[in-house]
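Student: Before anything else, here's the structure in question.
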Amino acid sequence: MTNALDDVDYDQLRQLVGLVEHDETADPFPVKSLDAVVFIAGNATQTAWYYQHAFGMRLVAYAGPETGQPDHKAFVLKSGSARFVITGGVRPNSPLLDHHRRHGDGVVDLALEVSDVDKCVAHARAQGAAVLEKPHDVSDEHGTVRRAAIATYGETRHSLVDRSRYTGPYLPGFQARETPQRKRLFQAVDHCVGNVELGKMDHWVDWYHRVMGFTNMAEFVGDDIATEYSALMSKVVANGNHRVKFPLNEPAVAKKKSQIDEYLEFYGGAGCQHIALATNDIVGTVTAMRAAGVEFLDTPNSYYDDPALRARIGEVRVPIETLKEHRILVDRDEDGYLLQIFTKPVGDRPTVFYELIERHGSLGFGKGNFKALFEAIEREQERRGNL
Ligand code: TYF
Ligand code: FE
C-alpha cells in the first residue's frame, strides 16, 4: 500500500542522501534501500508516541495482542521514505525483554530491501555470515513477503525483505493504522552508524565488503584525527548507489575515555549509535523538534565567529546568523556543502542519538565539523560523569 504522503521521488532522494550511478548486474548482493529501522523500547507504546509527536512521524501499521500477536507490540511509523518500527515486549517471558535488559532502548534490526533474498543469503552464507533466519515466505490477504535475516555487529541483525509481491501496510500480520498528517520533518534515512569494539572496525568494514559487496566511501577518521581530538576511528561503507550508508566507529586510545567506550559500556557491546535523518529544511525541522522538547548538542559562539569557518564555507542557503541561532553546523567539500546538527542521547542510557542532515551536493559526513562536534559530545560525557 503506497501512500502519497510518503512519496519521495528519485531526484529528491538523490539530492537528500547523495545517490550515485550504479550497475547492479555485477553486484553479488544488490540492496534497493533501507527497509526499516527496527527498535526495541522499554515502552513501545510511549516511544511510538514520541516519534509521532517529536519527530513528526505518521503511524501507518500496528501488530500486537489485539491483532493476534500476543508476545509484543510493534508500531510502524513513516516519514517520507523512512520507516521506523518500534517494538516492545508484552509478556514477561518475551525475548524482546531479555534484549532490553541487556541493551536498553536501541536498534535491533537494520532491515534491507532486496529484490532477491535467496541470492543474497546464498552469497552471505558462502562468505561466512551467520544466517539467523533462512529465506521463507510470509503471507496474508495482501500478498507474500520473502524474508531472511543475517547477523551483523553485536546483537544487531539485517533482515532481508523482498516486498515486490506485497501490497499491505508493512508485513503480513500488521493492520493498517491512520494518524493525522502533521508537518513532515524529514524525508529519508541518510546513514546508520555502528559502534564496534576496539580493533574491530576493519573486521566489520571487511565483512560489509565481502558479505554485502559494499564499498568504502572516501571519508574516514584515521590515526591523525583520532589521537588529536576525536578518540575514535571511523570508516564508511555503502551499497552500490549509496542509498544505504553505514559508518563504523571504534574507540581510539587517546587522552580521554572515548565516547565510543561510553556507548559500548552502556549499550553492553557493539550496536547502532546514531541515525542521520535527511531533511530539506533543517531550520524548520530543528525548530519543530526543539519545540517538542528534543534536546540538541550545543555549539560555542566561537564556531560561528571564526573567520576561517566563514571563509571556508562561503555562501550557504541559510544566513550564518540563522545557523548560529539554531546551533546548526556547516561543512563544505569539493562537491558542495551540508548542514547538520546532533541530538543528545534520546533514551535513558547514553547510547542512541540522532543527526539531522541537509545536503547540498556534499557526499561527506561533516569532516570539517568533527573537532567541534566531538568537543560538544565530550562536554555531555563529562556532565554524565563518564569522561
Ligand atoms: O556519521 C558520521 O560520520 C558523522 C560524524 O561518534 C560522527 O555524523 C562520527 C562519529 C560520532 C558522531 C558523529
Ligand atoms: Fe552521522
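The values are calculated or read from the model by the stated rules, or taken from the named source; none is laboratory data. Being a predicted model, the structure only gives us computed values, none of them experimental. We place every Cβ from the backbone using ideal geometry, glycine too, and count neighbours over all the protein chains shown. Note: areas computed on protein heavy atoms with side chains; ligands, DNA, RNA excluded. Shrake-Rupley method; radii C 1.70, N 1.55, O 1.52, S 1.80 Å.
Student: Filter the range 281-298 down to the residues that are aliphatic (A, V, I, L, M) and either within 16 Å of ligand 1 (Cβ to nearest atom) or within 15 Å of Val107 (Cα to Cα) (or both), then identify the one that is surrounded by the most Cβ atoms within 10 Å (Cβ to Cβ).
Tutor: Looking at the filtered set, the residue picked out is Ile282.
Student: Would you mention how many residues in the range 120-141 are out of contact with any Pro (no Cβ under 8 Å at 6 or more places or on another chain) and either outside any loop (DSSP other than H, G, I, E, B) or not assigned by the TED database to the domain that holds Lys32 (or both)? Walk me through it before giving the result.
Tutor: Residues of the range 120-141 that are out of contact with any Pro (no Cβ under 8 Å at 6 or more places or on another chain), as a first pass: 122, 124-137, 141.
Filter once more, so that each one left must be either outside any loop (DSSP other than H, G, I, E, B) or not assigned by the TED database to the domain that holds Lys32 (or both): 122, 124-126, 131-137.
Residues meeting the conditions: 11.
Student: Follow-up. Can you tell me which residue among Phe353, Phe365, Phe374 is buried (at least 18 other Cβ atoms within 10 Å of the Cβ), touching a residue at least 40 places away in the same chain (Cβ under 8 Å) and under 22 Å from Leu19 (Cα atoms)?
Tutor: Working: Phe353 fails: under 22 Å from Leu19 (Cα atoms); Phe374 fails: under 22 Å from Leu19 (Cα atoms).
Answer to the check: Phe365.
Student: Under the condition of being among the aliphatic types (A, V, I, L, M) and open to solvent by 10 Å² or more (accessible area, probe 1.4 Å), which residue from the range 213-224 is farthest from ligand 1 (Cβ to nearest atom)?
Tutor: Ala218
Student: Here's a follow-up. Considering each of Val189, Val221, Val193, Val236 in turn, give the residue that is touching an Asp or Glu at 6+ places or on another chain (Cβ under 8 Å), within 27 Å of Asp261 (Cα to Cα) and within 16 Å of ligand 2 (Cβ to nearest atom). First the steps, then the outcome.
Tutor: Numbers: Val189 fails: touching an Asp or Glu at 6+ places or on another chain (Cβ under 8 Å); Val221 fails: touching an Asp or Glu at 6+ places or on another chain (Cβ under 8 Å); Val193 fails: touching an Asp or Glu at 6+ places or on another chain (Cβ under 8 Å).
After ruling out the rest, the residue left standing is Val236.
Student: Something else now. Yes or no: Ala308 exposed (fewer than 14 other Cβ atoms within 10 Å of the Cβ), away from ligand 1 (no atom under 16 Å from the Cβ) and modelled with pLDDT of 95 or more? Break it down into steps so the answer makes sense when it comes.
Tutor: Working: exposed (fewer than 14 other Cβ atoms within 10 Å of the Cβ): yes; away from ligand 1 (no atom under 16 Å from the Cβ): yes; modelled with pLDDT of 95 or more: no.
Here the answer is no, as Ala308 does not meet what is asked.
Student: Sticking with this structure for a sec: What number of residues within the range 360-376 satisfy the criterion of being within 12 Å of ligand 2 (Cβ to nearest atom) and out of contact with any Phe, Trp or Tyr (no Cβ under 8 Å at 6 or more places or on another chain)?
Tutor: The qualifying residues number 5.
Student: Which residues, taken from the range 251-280, are open to solvent by 20 Å² or more (accessible area, probe 1.4 Å), under 19 Å from Ile225 (Cα atoms) and not in a helix (DSSP H, G or I)?
Tutor: Within the range 251-280, Val253, Ala254, Lys255, Lys256, Lys257 meet the criteria.
Student: Ok, one more. What is the number of the single condition among (1) open to solvent by 30 Å² or more (accessible area, probe 1.4 Å); (2) within 16 Å of ligand 2 (Cβ to nearest atom) that Arg177 does not meet?
Tutor: Every condition holds for Arg177 apart from (2).
Student: Further question on the same structure: Within the bounds of the range 48-57, is there any residue that is among the hydrophobic types (A, V, I, L, M, F, W, C) and without any contact (Cβ under 8 Å) to a residue 24 or more places away in the chain? Explain how you work it out, then say what you get.
Tutor: Filtering the range 48-57 for residues among the hydrophobic types (A, V, I, L, M, F, W, C) gives 48-49, 54-55, 57.
From what's left, without any contact (Cβ under 8 Å) to a residue 24 or more places away in the chain: 49.
The answer is yes, given that some residue of the range 48-57 is among the hydrophobic types (A, V, I, L, M, F, W, C) and without any contact (Cβ under 8 Å) to a residue 24 or more places away in the chain.
Student: Then there's this: Take Val161 and decide whether it is out of contact with any Phe, Trp or Tyr (no Cβ under 7 Å at 6 or more places or on another chain) and in contact (Cβ under 8 Å) with a residue 60 or more places away in the chain.
Tutor: Details: out of contact with any Phe, Trp or Tyr (no Cβ under 7 Å at 6 or more places or on another chain): yes; in contact (Cβ under 8 Å) with a residue 60 or more places away in the chain: yes.
For Val161, the condition - out of contact with any Phe, Trp or Tyr (no Cβ under 7 Å at 6 or more places or on another chain) and in contact (Cβ under 8 Å) with a residue 60 or more places away in the chain - is met.
Student: Of everything in the range 84-118, what is touching a residue at least 60 places away in the same chain (Cβ under 8 Å) and open to solvent by 20 Å² or more (accessible area, probe 1.4 Å)? Give them in sequence order.
Tutor: His100, Arg102, Asp105, Val108, Glu113, Ser115, Asp116
Student: A further question on this structure: Any idea which of (1) out of contact with any Asp or Glu (no Cβ under 9 Å at 6 or more places or on another chain); (2) within 15 Å of ligand 1 (Cβ to nearest atom); (3) of a type outside the set (Val, Ile, Thr); (4) more than 30 Å from Gly269 (Cβ to Cβ) is the one Ser362 doesn't satisfy?
Tutor: (1)
Student: I'd like to check something: does the range 61-74 contain any residue that is without any contact (Cβ under 8 Å) to a residue 60 or more places away in the chain and within 22 Å of Tyr267 (Cβ to Cβ)?
Tutor: yes
Student: Could you run through the range 253-275 and say how many residues are farther than 19 Å from Phe214 by Cα and within 11 Å of ligand 1 (Cβ to nearest atom)?
Tutor: Summing the residues that are farther than 19 Å from Phe214 by Cα and within 11 Å of ligand 1 (Cβ to nearest atom) in the range 253-275 gives 7.
Student: Could you pull out the residue among Arg182, Arg210 that is modelled with pLDDT of 95 or more and open to solvent by 10 Å² or more (accessible area, probe 1.4 Å)?
Tutor: Arg210 is the lone residue from the list that is modelled with pLDDT of 95 or more and open to solvent by 10 Å² or more (accessible area, probe 1.4 Å).
Student: From the list Ile313, Ile328, pick out the single residue that is in contact with a strand residue (DSSP E or B) (Cβ under 6 Å, 6 or more places away or on another chain) and farther than 21 Å from His191 by Cβ.
Tutor: Every option except Ile313 fails the conditions.
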